[in-house]
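Notes to accompany the following structure.
The values are calculated or read from the model by the stated rules, or taken from the named source; none is laboratory data. Since the model is a prediction, treat every value here as computed from it, not as a measurement. Cβ placement follows ideal geometry from the backbone for every residue including glycine, while neighbour counts extend to all protein chains displayed. Ligands, DNA and RNA are excluded from the accessible area calculation, which covers all protein heavy atoms including side chains. Shrake-Rupley method; radii C 1.70, N 1.55, O 1.52, S 1.80 Å.
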Amino acid sequence: MANQVIKCKAAVAWEAGKPLSIEEVEVAPPKAHEVRIKIIATAVCHTDAYTLSGADPEGSFPVILGHEGAGIVESVGVGVTKLKAGDTVIPLYIPQCGECKFCLNPKTNLCQKIRVTQGKGLMPDGTSRFTCKGKKILHYMGTSTFSEYTVVADISVAKIDPLAPLDKVCLLGCGISTGYGAAVNTAKVEPGSTCAVFGLGGVGLAVIMGCKVAGASRIIGVDINKDKFARAKEFGACECISPQDFSKPIQEVLVEMTDGGVDYSFECIGNVKVMRAALEACHKGWGVSVVVGVAAAGEEIATRPFQLVTGRTWKGTAFGGWKSVESVPKLVSEYMSKKIKVDEFVTHNLSFDEINKAFELLHAGKSIRTVVKF
């Protein structure tokens with residue numbers, strides 16, 4: 001089908017707040033420096049639900065959502081040299097062009113080469129490759145994995161081990177990589193340190209895993225849903241607490257529990273009040289708090305400046321600080337060699353036609369990750 005339009009199934013979000021609609025879409029062939037991928041498996045992430053809800057300031061409709069996928073390259077456009085038909089790949093919502101000043105700076109992974117068009121739901125040339133019922137359908141996060149075939153920029157693709165199970169490693173496209181990297185790259189957790197992780201969903205569990213791999217001696221999980229505590233302990237949490245069990249602010253509880261505060265804290269919810277609590281739970285003089293969760297549009301964070309003057313640091317992370325094209329294949333290798341967990345994050349497997357059920361499980365707090373297969 002190279003150079004031809006492919007007709008296939010996709011889950012189209014026609015408007016905010018409505019369930020996805022399974023439709024037949026037309027997927028145009030890749031243009032220069034683009035790759036068309038047959039998606040084998042994709043997971044549903046909170047960010048997809050956030051955009052679908054209408055709260056995302058960059059959210060536009062109609063759109064094909066999805067950004068945690070894995071598949072096989074079907075065809076490549078002119079000028080693509082590092083990928084070919086048949087390659088096993090993970091699409092990347094943060095690209096790595098290797099040329100912009102962000103890519104050339106070791107301090108960041110935020111490649112800006114196609115940021116403007118990607119934010120508008122378009123390919124780098126300002127157009128879309130998706131059509132449905134005669135209407136243009138927008139791309140999402142440069143990936144749109146809720147489609148049997150998708151087209152992405154060649155700088156937004158990681159070529160991975162062909163032996164990797166795609167219904168598992170698709171998770172390395174966002175959540176696991178983000179949480180794991182927040183601990184090992186952004187915070188740079190050291191052996192023997194004390195950590196607190198706020199929010200024990202998929203990203204929070206990945207942070208716990210990262211803290212454990214880095215050698216943290218005490219990892220405290222914080223969540224109002226106690227059903228999540230047992231699994232958090234399986235991932236490496238030493239103890240778990242609920243803010244609802246205490247009459248005083250949770251940061252005060254943690255400061256008392258840890259003789260002055262934790263060395264590292266992580267906010268994995270996207271709640272600005274929790275971000276403040278996470279910072280204030282850090283130890284005076286050296287505590288570092290990492291914002292991992294994405295807050296709603298227009299939200300602002302606050303704390304007393306004295307918290308920072310006395311030596312605490314507030315940091316943020318996107319995709320765990322990984323430079324994507326070079327790092328995701330290494331993460332797949334770490335999974336294949338059992339250094340990091342992936343299978344344990346998958347709580348449900350569904351067919352593509354049941355994709356709306358995956359969102360229901362997410363909202364009900366019953367799933368960590370649901371993987372949808374075509």
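Quick rundown of the values:
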item	result
Residues whose placed amide H lies under 5 Å from that of residue 136, excluding near-sequence neighbours	none
Listed candidates (1) 128; (2) 140; (3) 172 - label of the one calculated as volume of the Cα convex hull per residue in Å³	(1)
Percentage relative contact order, the chain, counting C-alpha pairs under 8 Å, at least six apart	17 percent
Evaluated over segment 113-258, the Cα radius of gyration and Dmax, each in Å	20.0, 62
Using alpha-carbon coordinates, inclination of helix 202-213 to the longest axis of the chain, degrees	60 degrees
Subset of 188/248; 113/159; 212/315; 107/330; 18/323 violating a 25 Å alpha-carbon distance limit	188/248; 18/323
1.4 Å probe accessible area per residue over segment 177-320, in Å²	42 Å²
Residue 217/residue 315 FRET efficiency (R0 25 Å; Cβ-Cβ; nearest 0.05)	0.70
Mean Cβ count within 10 Å, highest first, over the residues of peptides 83-96, 324-337	83-96, 324-337
Alpha-carbon gyration tensor eigenvalues x 5, square-rooted, for segment 3-52, Å	24, 14, 11
Segments 116-129, 287-300 sorted - mean Cβ within 10 Å per residue, highest first	287-300, 116-129
Euclidean distance between Cα centres, segment 155-211 to segment 314-354, Å	6 Å
Nitroxide proxy distance, nm - points 7 Å out along Cα→Cβ at residue 286 and residue 360	5.1 nm
Compactness of segment 177-320 as Cα Rg over 2.2 N^0.38 Å, two decimals	0.92
Peptide ranges 105-112, 217-224 listed from the most packed, as the mean C-beta count within 10 angstrom indicates	217-224, 105-112
Table column - 3J(HN,Hα) (Hz), segment 102-117, Karplus curve with 6.51, -1.76, 1.60, x for Gly and Pro	5, 5, 7, 9, x, 7, 9, 10, 8, 3, 10, 3, 10, 4, 5, 5
Carbon/sulfur fraction of accessible area - segment 177-320, other protein chains in place, 1.4 Å, %	52 percent
Extension gain, residue 227 back to residue 245 (0.36 nm per residue minus Cα-Cα distance, nm)	5.0 nm
Contour excess over end-to-end distance, with Cα ends at residue 353 and residue 50 and 0.36 nm allotted per residue	107.0 nm
Extension gain, residue 344 back to residue 252 (0.36 nm per residue minus Cα-Cα distance, nm)	29.9 nm
Accessible area of residue 135 in the full protein assembly, 1.4 Å probe (Å², nearest 10)	120 Å²
Directionally averaged shadow of segment 268-374, computed from the convex hull of its alpha-carbon atoms, nm²	9.7 nm²
Accessible solvent surface per residue of segment 18-61, calculated while the other protein chains remain in place, 1.4 angstrom probe, Å²	39 Å²
